[in-house]
1. So, in region 200-231, how many residues would count as being surrounded by fewer than 22 Cβ atoms within 10 Å (Cβ to Cβ) and in contact (Cβ under 8 Å) with a residue 40 or more places away in the chain?
2. Taking the criterion of being within 15 Å of ligand 1 (Cβ to nearest atom), hydrophobic (A, V, I, L, M, F, W, C) and not in a strand (DSSP E or B), would at least one residue in region 223-240 satisfy it?
3. For residues that are away from ligand 3 (no atom under 16 Å from the Cβ) and polar (S, T, N, Q), scanning just region 82-122, find the one that is farthest from V156 (Cα to Cα).
4. Considering only region 170-199, how many residues are of a type outside the set (D, E), surrounded by 13 or more Cβ atoms within 10 Å (Cβ to Cβ) and not in a loop (DSSP other than H, G, I, E, B)?
5. If you take just the strands (runs of 3 or more DSSP E) that sit entirely in region 56-160, which of them hold at least 1 residues that are more than 30 Å from E22 (Cβ to Cβ) and within 13 Å of the chain's Cα centre (by Cα)?
6. Tell me which residues, restricted to region 144-197, are of a type in the set (V, I, T) and within 16 Å of ligand 1 (Cβ to nearest atom).
7. Would you please list the contacts, defined by Cβ atoms under 7 Å and residues six or more apart or on different chains, that run from a residue in region 249-267 that is among the basic types (K, R) to a residue that is open to solvent by less than 80 Å² (accessible area, probe 1.4 Å)?
8. If you check R68 against the conditions, is it under 22 Å from G231 (Cβ atoms) and open to solvent by 20 Å² or more (accessible area, probe 1.4 Å)?
Amino acid sequence: QAKVAGKGCYRFYSKAMDQAVERRVQLEEELRGAWERGELSLHYQPIYRLADRRLMGAEALCRWQHPRLGVVPPSVFIEVAEQSGLIESLGRHVLVQACQDAAAWSQPGMEPPFVSVNISPRQLRTGDLPDVVASALAATGVLPKQLHLELTETAVLGDEVQASALLSRLRATGVKVWLDDFGTGFSGLSHLRRVPVDGVKIDRSFVADVLRDPDDLALTSAIIAMAHSLGITVVAEGIEAEGQYEVLRERGCDQGQGFWLGRPMPASEMQRRFRE
Ligand code: C2E
Ligand code: MG
Ligand code: MG
Ligand code: MG
């Protein structure tokens, strides 16, 4: 396409592409050591049981306070970390920090809250995830059942047989495995039978239209019914309005998170919410 458009145009595209590559390389350089410099931190978004709106746990979401650019969203830097391999050390820091924070949420006489940590495909592929998880648990004293690992459907479906073995190993240690952004890969429902998971998180694109689009409501209800028949917990993400909360609760969705229930917040604020 670019070549057909002529030489000048080609140069234009190529320059834009060069700049994009340059920016990526620079981001990668700056991301190196960012955790050690204290630029990366975890925010937490509360996750509630829908039946009685009880606070059950929270999802850890990484934030990068870049010295020059301000807050860089994870949608930008996780991809850079993933492609450069930096995700392996970043992922280890995130796991330990999340477990450390969750340890402080527990209160006597209460079911200990869980912390849910996003795991990128590359962390899954390197194969030492069970060791990384075990050492994070040992270092912080958090109970295995308090740690939930969020894996994306696509990461797991890439190599189902190997992923299943890894997931079984992880689950045998007592940690819970959730499938994130569920429904976007669509092959989802049938794969649920073969991939051993404890929970699925319905992607927020379904939740967004659940009141307007009968197809999305039907699909959401089907996911809930199918998951429950397999003994799998269902969590909805991206609940932005009371109506969405109500319809999901009616349909039997177990847990949920979203701006209407609580935005991601610093660890200290999350801790206060668990105290209330
Ligand atoms: P995710 O795991 O699906 O996380 C949910 C995202 O939805 C978060 O975006 C959250 O802030 C946002 N969200 C929550 N409730 C609502 C809502 O009601 N409406 C809307 N529009 N959005 C909502 P965030 O924090 O920007 O993270 C984006 C993605 O980056 C995450 O998607 C996750 O895949 C990835 N990520 C974040 N932290 C980490 C990490 O520590 N490690 C890895 N590997 N990935 C991470
Ligand atoms: Mg997630
Ligand atoms: Mg998600
Ligand atoms: Mg739709």
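The values are calculated or read from the model by the stated rules, or taken from the named source; none is laboratory data. Everything numeric in this text was worked out from a predicted model, so none of it was measured. For neighbour counting, all protein chains shown are included, and Cβ atoms are generated from backbone atoms with ideal geometry for every residue, glycine included. Heavy atoms of the whole protein, side chains included, go into the accessibility calculation; ligands, DNA and RNA do not. Shrake-Rupley method; radii C 1.70, N 1.55, O 1.52, S 1.80 Å.
1. Residues in region 200-231 being surrounded by fewer than 22 Cβ atoms within 10 Å (Cβ to Cβ) and in contact (Cβ under 8 Å) with a residue 40 or more places away in the chain: 1 in total.
2. Within region 223-240, one or more residues are within 15 Å of ligand 1 (Cβ to nearest atom), hydrophobic (A, V, I, L, M, F, W, C) and not in a strand (DSSP E or B).
3. Q107
4. Of the residues in region 170-199, 11 are of a type outside the set (D, E), surrounded by 13 or more Cβ atoms within 10 Å (Cβ to Cβ) and not in a loop (DSSP other than H, G, I, E, B).
5. Details: elements: 70-72, 114-118, 147-152.
Once the strands (runs of 3 or more DSSP E) in region 56-160 are filtered for at least 1 residues that are more than 30 Å from E22 (Cβ to Cβ) and within 13 Å of the chain's Cα centre (by Cα), what remains is 114-118, 147-152.
6. Initially, region 144-197 is screened for residues of a type in the set (V, I, T), giving 152, 154, 156, 161, 173, 175, 177, 184, 195, 197.
T152, T154, V156, V175, V177, T184, V197 - these are the residues of region 144-197 that are of a type in the set (V, I, T) and within 16 Å of ligand 1 (Cβ to nearest atom).
7. What qualifies is R249/L50; R251/T220; R251/S221; R251/I224; R263/Q45.
8. Values: under 22 Å from G231 (Cβ atoms): no; open to solvent by 20 Å² or more (accessible area, probe 1.4 Å): yes.
Against the criterion (under 22 Å from G231 (Cβ atoms) and open to solvent by 20 Å² or more (accessible area, probe 1.4 Å)), R68 does not qualify.
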